[in-house]
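Engineer: Here's a structure for you.
The values are calculated or read from the model by the stated rules, or taken from the named source; none is laboratory data. Bear in mind the structure is a predicted one, so any value in this text is a computation, not a measurement. As a convention, Cβ positions derive from the backbone with ideal geometry for all residues, glycine included, and neighbour counts pool all protein chains shown.
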Amino acid sequence: MAEQGQKILLLDDDPEVLESYQQLLSGLPSKPAIHTATSGARAIAILETEPFHLLISDLNMPKMDGLQVLTIVRRKFPHLRTVVMSAVPDEHFRARAYAMGIDLFLEKPTTSKEITFFLDCIESFLGQKEAAGFRGVQSKSLVDIIQLECLSQSSSTLKILQGSLEGKIWIRQGEIIDAATGETTGPAAFQKILGWKSGSFEILPADPQRQRTIHSSYQGLLLETAQALDEAQAGESPGTTGEVTTAPKGPLQKLAQIKGLEFALVVGADGTVTPWGVENQDKVAAWGQKTFGLFSSLGEQLQAGELQSVEGTGLQRQVAFGKSKGALVAVAFKRSVPPGQVHESFKQILAEWAS
């Protein structure tokens with residue numbers, strides 16, 4: 001829990017943006033005091049008059065931009081936590097900002113998921129100073145950091161340090177393409193890195209020449225790694241050297257190999273929900289059952305026979321539903337995946353589940 005009475009200074013040259021963020025941050029559980037400034041000079045003047053716990057600064061501003069402000073802040077107020085917000089993704093500015101010692105660089109959130117993550121990050125900054133975690137997201141795991149990069153479709157290189165250990169994770173257009181630590185590369189290196197509980201991270205520019213060795217979706221890769229780490233922690237791993245082993249393959253685990261798949265879940269005949277990469281699984285399961293039931297009723301009225309599957313295209317993604325061994329299988333694909341590929345991939349998923 002964050003301490004009462006902590007203060008946040010918001011810096012942005014757009015008064016409407018300041019008002020919006022002020023309203024969002026005022027709803028944090030810790031109830032911090034929110035101050036605002038519309039220029040770098042004004043922000044520095046405020047910081048000199050009273051102590052603040054956190055500075056959230058826009059990057060692109062007239063006269064004195066965010067990087068110039070950070071240069072002064074890092075020298076004058078070395079203990080002040082700093083978060084940079086930018087409306088335009090720029091890997092060069094991102095790398096420079098982290099090199100200057102900021103805590104977190106974010107694109108301005110637009111979706112509800114990004115806003116929730118942003119608020120969670122800020123709340124974590126207001127918590128205990130020595131909390132475990134990675135620099136910039138003190139109460140967050142490395143998984144959260146990776147998910148944010150992937151959700152924002154970024155291309156970057158994550159450099160992670162834990163003591164003398166160093167690892168890198170390469171992300172290209174929101175997909176994890178490779179990982180390395182020591183002499184280990186690929187999925188095995190990714191699992192090792194995610195086993196680190198704390199440390200520091202730095203987001204570097206993307207490496208377009210990096211060869212791809214990881215072909216699973218990031219959701220599938222994170223799921224497999226989480227299961228493997230859970231098994232290792234519980235002492236169920238067959239190895240005795242402390243190395244993380246790959247979780248057993250099952251119908252859901254094979255989904256990681258399907259290109260463009262965002263999430264999937266299976267609702268058993270007994271109502272048990274088995275999720276893969278999905279949030280709010282109960283709501284999605286209820287919606288899937290209701291939708292499939294409506295189409296089944298329509299099929300009966302039209303005397304079209306038993307409904308096998310439903311496929312549709314929405315504004316954000318494509319979805320498909322189908323029955324296999326008495327269970328309802330529901331999946332979602334990226335909007336960019338061709339409908340024909342969705343159809344064939346869904347047939348494959350149903351076949352895997354039925355096998």
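Engineer: Those residues that are in a loop (DSSP other than H, G, I, E, B) and touching a Lys or Arg at 6+ places or on another chain (Cβ under 6 Å), I need them from region 33-52; list them, please. Steps first, please.
Structural biologist: So in region 33-52, the residues in a loop (DSSP other than H, G, I, E, B) come out as 38-39, 50-52.
Scanning region 33-52 gives a single hit, Phe52.
Engineer: So is Ala188 at pLDDT 80 or above and either more than 30 Å from Ile102 (Cβ to Cβ) or in a loop (DSSP other than H, G, I, E, B) (or both) or not? Steps first, answer last, please.
Structural biologist: Details: at pLDDT 80 or above: yes; either more than 30 Å from Ile102 (Cβ to Cβ) or in a loop (DSSP other than H, G, I, E, B) (or both): yes.
It is true that Ala188 is at pLDDT 80 or above and either more than 30 Å from Ile102 (Cβ to Cβ) or in a loop (DSSP other than H, G, I, E, B) (or both).
Engineer: Quick one: would you say Leu194 is under 23 Å from Leu261 (Cα atoms) and at pLDDT below 75? First the steps, then the outcome.
Structural biologist: Working: under 23 Å from Leu261 (Cα atoms): yes; at pLDDT below 75: no.
Here the answer is no, as Leu194 does not meet what is asked.
Engineer: Would you mind stating whether Phe118 is at pLDDT 70 or above, assigned to a strand (DSSP E or B) and not basic (Lys, Arg)?
Structural biologist: Working: at pLDDT 70 or above: yes; assigned to a strand (DSSP E or B): no; not basic (Lys, Arg): yes.
Criteria not met by Phe118.
Engineer: Select from region 47-96 the residues that are within 13 Å of Lys108 (Cβ to Cβ) and either buried (at least 20 other Cβ atoms within 10 Å of the Cβ) or modelled with pLDDT of 85 or more (or both) and list them in ascending order. Explain how you work it out, then say what you get.
Structural biologist: Here is the first cut: in region 47-96, the residues within 13 Å of Lys108 (Cβ to Cβ) are 56-60, 66, 83-90.
Correct list: Ile56, Ser57, Asp58, Leu59, Gly66, Val83, Val84, Met85.
Engineer: Next question, about the same structure. Any idea which of (1) closer than 17 Å to Cys121 by Cα; (2) surrounded by fewer than 17 Cβ atoms within 10 Å (Cβ to Cβ); (3) at pLDDT 85 or above is the one Met1 doesn't satisfy?
Structural biologist: (3)
Engineer: Still on this structure, please answer the following. Within region 22-32, can you find the residues that are part of a helix (DSSP H, G or I) and in contact (Cβ under 8 Å) with a residue 40 or more places away in the chain? Spell out how you get there, then give the answer.
Structural biologist: First, the residues of region 22-32 that are part of a helix (DSSP H, G or I): 22-26.
Leu24, Leu25, listed by residue number.
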